[in-house]
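Peer 1: Below you'll find the structure I mean.
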Amino acid sequence: MDIVIYGIGDLALLITNYMKTQKKYNIIAYTADSNYCNQEVIYNKPLIPFKELSTSCPSSSTKVLLAIGYRNMRNRVILFEEIKKAGYSMINYLSAKSIIDPSSKLGENNIIFPGAIIEPFCEIGDNNIFWSGTTVCHNSMIGNHNFIAARSVLGGKTHMGNNCFVGFNSTIIQNINIENETLIGAGALITKPTQPFTKYIGVPGIKVDTHKSTGILI
């Protein structure tokens with residue numbers, strides 16, 4: 001499978017390292033906005049401005065993985081939509097060292113790192129990142145464009161909307177609704193439904209800030 005990775009930062013480098021151990025992934029190039037393409041080669045592969053990508057890597061024979069981190073969460077949505085608008089299919093990166101129950105359903109451009117566990121009967125949308133050691137418990141429904149940091153736990157029947165950020169070692173108990181663009185700080189314990197565009201910290205988690213105008217900026 002020929003793959004172009006959209007991204008040139010730390011996440012793209014990590015994905016590159018992991019993909020080398022799984023032969024089904026064949027990275028042929030990297031791409032980014034032209035403002036970031038200040039060199040012709042990166043990680044020993046061509047770096048192609050996205051607006052020029054279709055010339056050398058047409059959508060008919062190439063798939064894309066968006067590997068952009070969490071600094072600006074809304075930016076991840078914009079880039080995902082640009083790639084889809086250009087006609088590219090997008091792959092999931094699923095670590096061979098993750099555990100994903102076959103009964104669970106995944107969309108596209110999901111990144112699941114080593115040690116992550118997706119339990120039975122979960123439904124996961126598009127463009128989510130599940131870092132190492134995270135657990136998504138049974139019957140959970142996860143929307144699109146979310147970032148779940150390392151060793152976080154989402155209890156059974158969690159319903160998470162879109163574009164949320166869950167910090168390191170956080171816990172969401174079972175049967176909780178996490179609304180769109182919720183920011184959960186590291187180590188928080190969420191025991192009640194959240195409000196959209198709101199930040200929560202602490203044990204138990206309490207509302208401390210809102211970010212509707214800016215989105216989540218880390």
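The values are calculated or read from the model by the stated rules, or taken from the named source; none is laboratory data. This structure is a prediction, so every number in the text was calculated from the model and none was measured. Every residue, glycine as well, gets a Cβ built from its backbone with ideal geometry; the counts of neighbours run over all protein chains shown. These accessible areas exclude ligands, DNA and RNA; they are computed on the full protein's heavy atoms, side chains included. Shrake-Rupley method; radii C 1.70, N 1.55, O 1.52, S 1.80 Å.
Peer 1: Hey, can you rank 161-174, 93-106, 72-85 by average C-beta count inside 10 Å, highest first?
Peer 2: Working: 161-174: 20.9, 93-106: 15.1, 72-85: 16.9.
Highest-to-lowest ranking by the protection proxy: 161-174, 72-85, 93-106.
Peer 1: Within straight cross-link reach of residue 84, meaning Cα distance under 18 Å, which lysines are found once same-chain residues fewer than 8 apart are removed?
Peer 2: Correct list for residue 84: 51, 63.
Peer 1: Which entry is the computed Rg and Dmax of the Cα atoms in Å for this structure: (i) 17.3, 52; (ii) 20.0, 76; (iii) 25.8, 97?
Peer 2: Comparing each candidate, only (i) matches the computed number.
Peer 1: Now a separate question. For the chain, which whole percent of the accessible surface, found with a 1.4 angstrom probe, sits on carbon and sulfur atoms?
Peer 2: On the way: 5420 of 10530 Å².
Reported share for carbon and sulfur atoms: 51 percent.
Peer 1: Could you work out the helix-only [θ] at 222 nm for the chain, with each DSSP H run of four or more residues adding -39,500 (n - 2.57) and the total divided by the number of residues, to the nearest 500 deg cm²/dmol? Before the final figure, lay out each step's value.
Peer 2: Numbers: 3 runs with 27 residues, N = 218.
That calculation yields -3500 deg cm²/dmol at 222 nm.
Peer 1: Output the 0 to 90 degree angle, nearest 10, between the alpha-carbon long axis of helix 73-85 and the longest principal axis computed from the alpha carbons of the chain.
Peer 2: 40 degrees
Peer 1: To continue, here is another question. In percent, what relative contact order does the range 101-218 have, based on Cα pairs under 8 Å that are 6 or more apart in sequence? Let's see the in-between values first.
Peer 2: Numbers: 383 pairs, mean separation 17.3, N = 118.
With pairs under 8 Å counted, the relative contact order is 15 percent.
Peer 1: In terms of Cα to Cα distance under 16 Å, which aspartates and glutamates are near enough to residue 157, apart from those fewer than 8 places away along the same chain?
Peer 2: The qualifying aspartates and glutamates are 101, 119, 123, 179.
Peer 1: Excluding ligands, DNA and RNA, what is the solvent-accessible area per residue of the range 60-129 at a probe of 1.4 Å, expressed in Å²? Walk me through the numbers on the way to the answer.
Peer 2: Numbers: 3100 Å² over 70 residues.
The answer is 44 Å² per residue.
Peer 1: Right, here's the next one. Between the helical axis of 10-19 and the dominant principal axis of the chain, each derived from Cα atoms, what acute angle in degrees is found, rounded to the nearest 10?
Peer 2: 80 degrees
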